[in-house]
Amino acid sequence: MRARGDGLAAGGGAARLSVLPLDRRAGLRLRGQVDASNRHELDAALRSAARSGRDLHLELADLSYADVPAVRLLVQAATRLPRGRQVILHEPGPVVRTILHVHGWDQLRSVIVEGRRRP
Amino acid sequence: MSSPRPPAAFTHHAALYRDDEEFLEMAVPFVKDGLAWDEPVLVAVTAANLELLRGALDGDPSGVDLAETRTLGARFPQRIAAFHRYYQQHARDPARQVRILVEPVWGEDAGRETGEALARLESALNEILSTDRIWMICPYDARVMGSQVLAEARRTHPAVVRGRSIRPSTRYVDPVRFARSRQDPPLPAPPAGAAALRFTHAGELARVRRFVTAQAVAHGLTQERGWYLMIAVGEAASYLVEQGTGGVTLRMWAAAGRLACDLAGRARVTDPFLGLRPPTLEPRPGDGLWLTRHLCDTVEVRSTAAGCTIRLEVPAPRAQERHQPDLA
C-alpha cells in the first residue's frame, strides 16, 4: 500500500489515501481523501482489517475528505465483524462527521463515534 | 420472532377544514386513537391549532410529540428527513405504525416556498416514504388557502378525512405521473463571466473539490460553509461522472447574495425524485444527492434529450458587496 500523499497537498492529482495499521489495537489510521477514484482501496483495507474479529478502530483525524459511499463503507465494516463487535470511528473531521449526521449513521448501535470536535 | 415485515404502508390523507370545530373533530380522535393503540404520535400544526389541541387534550399528554409545523423546516428535503427520522426513532419495531398530523407550512413561514412546491412535496411523499409505516394526515385550512391549493391537496393525497370518516380522493394522481406532468421553468443561463472547470473522470474529482473550495474562499464563505458546498458539489459531480456519459462542465458565480453552481453534462436523469429518497446502508444510484439537497438552499435538476443540468445555490453574504464595484 502506498504510504504517500495527503490529498489536500497533492497539487493537481487525484485523491490519495494512505492506510496504516494501528500499533496497539485492531484497526487502521486513514489519511488523505477517498472518492470514486480510490474507493476500492478503502474497501479492500476494511475487508482485510475486519478479519481480526475484534472491535475495529478507525482513526480518521487526517481523513480530510470521504464521499457518501466511502463513509458508508466505514459504517458497513461493522456488518463483517462478529455479532456484538463494533466499529469505533475516532475523531472524524468535519466532512465525515457531516455525512454521518445527515444520514443518521452516527445513531447506529454498531458504530461508535469518539472525539467529536467542533470545526 | 419471524413475523413478516408488513407490506408497504405509507398512508397519506388530507383534511380540509373550515373552522376550529372541524379541525378538532378530525384531530382529536386521530391523536386519541393513536394513544389508545400505543402508537407514537407527532403533531406539527400551526401555533393556533396547537393551542386548540392542547385545550382539547387537557395539556400535553405523554406519548404525543407536539410542535409548530414550521420547526420541521419549510424546505422539501428537511421535511422529508424530519418525517422519516421520526418514524425511524419511534417505530421501535417495523410492525408498529406511527401517526403524524402535519399541517403544511404556509404564509410567511413558507419563505420562498410556494403552493407549487407544496403540491410537489405532498405528491412526492407518497413515493418517497412508501415503505415507512406512517399514517399521516395533512390538515389544510380552507379559510386561508386558495381553492387551487385545496384542489392540489385532492390530487396529492389518496384519501380525504373528515371527522373520523375517510373517503378515497377520486382526483388522486400517481406521484411519478404527477411529477412528470409539471413543467419546470428553464434555468436562466449562467453569466458569461462564470468561473468554469471541465472534467470527465473520477480521477479529476479532487481537482473539482479544490476548485469549489477556492471559489468559496473567493466569495467570502465561512470555512464551514465552504466545506458544505465542496461536499455538496462533490456528490453531484461524482454522480454525473459515474453515469459515464462524458465531460461535465462546472460553472460557479455569485448573484444577488447567492453563490450558484452549475453542473452540466450529457447524462439523462429520468428519476423525478433524485436525491429525495432517504438513503439506507444499501447503496442506490444517485443517493449521494440526498446530502447535496441537505446542504444547499436550492437544488434544481433539469434533464432533456441533450443532457442534464444540476444547479445548486447557497447564500453568499459578502458576494453582493464584492460585486458592487463592477456595477459602478
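Residues satisfying the criterion are present in the stretch B:28-47 (criterion: of a type outside the set (S, T, N, Q), within 22 Å of B:G146 (Cα to Cα) and touching a helix residue (DSSP H, G or I) at 6+ places or on another chain (Cβ under 6 Å)).
Of everything listed in (1) part of a helix (DSSP H, G or I); (2) crowded, with 17+ Cβ neighbours inside 10 Å; (3) at pLDDT below 95, the single unmet condition for B:V105 is (1). For the stretch B:42-65, the set of residues classified as under 18 Å from B:D141 (Cβ atoms) and among the hydrophobic types (A, V, I, L, M, F, W, C) consists of B:V43, B:A44, B:V45, B:A47, B:A48, B:L50, B:L52, B:L53, B:A56, listed by residue number.
Could you tell me whether B:G257 is farther than 22 Å from A:Y65 by Cα, small (G, A, S) and within 14 Å of another protein chain (Cβ to nearest Cβ)? No. Among the criteria (1) within 12 Å of chain A (Cβ to nearest Cβ); (2) of a type outside the set (D, E); (3) surrounded by 17 or more Cβ atoms within 10 Å (Cβ to Cβ), the one B:P190 does not fulfil is (1).
Do we find that B:E122 is at pLDDT 95 or above and under 21 Å from B:P278 (Cβ atoms) in this structure? Yes: the conditions hold for B:E122. Among the residues of the stretch B:143-170, just one is free of Cβ contacts under 8 Å to residues at least 40 places away in the same chain, of a type in the set (K, R) and out of contact with any Ser or Thr (no Cβ under 9 Å at 6 or more places or on another chain), namely B:R167. Within the stretch A:87-109, residues that are more than 9 Å from chain B (Cβ to nearest Cβ) and under 11 Å from A:V71 (Cα atoms) have Cβ atoms under 6 Å from residues that are surrounded by 21 or more Cβ atoms within 10 Å (Cβ to Cβ) and small (G, A, S) in these pairs: A:V96/A:A66, counting only partners at least 6 apart in sequence or on another chain. Here is the figure for the stretch B:206-253: residues that are in contact (Cβ under 8 Å) with a residue 24 or more places away in the chain, over 18 Å from A:A15 (Cβ atoms) and at the interface with another protein chain (Cβ under 9 Å from one of its Cβ atoms) total 1.
The values are calculated or read from the model by the stated rules, or taken from the named source; none is laboratory data. Since the structure is predicted, the reported quantities are computational estimates derived from the model, not experimental observations. Positions of Cβ are generated from backbone atoms using ideal geometry, with glycine treated the same way; all protein chains shown enter the neighbour counts.
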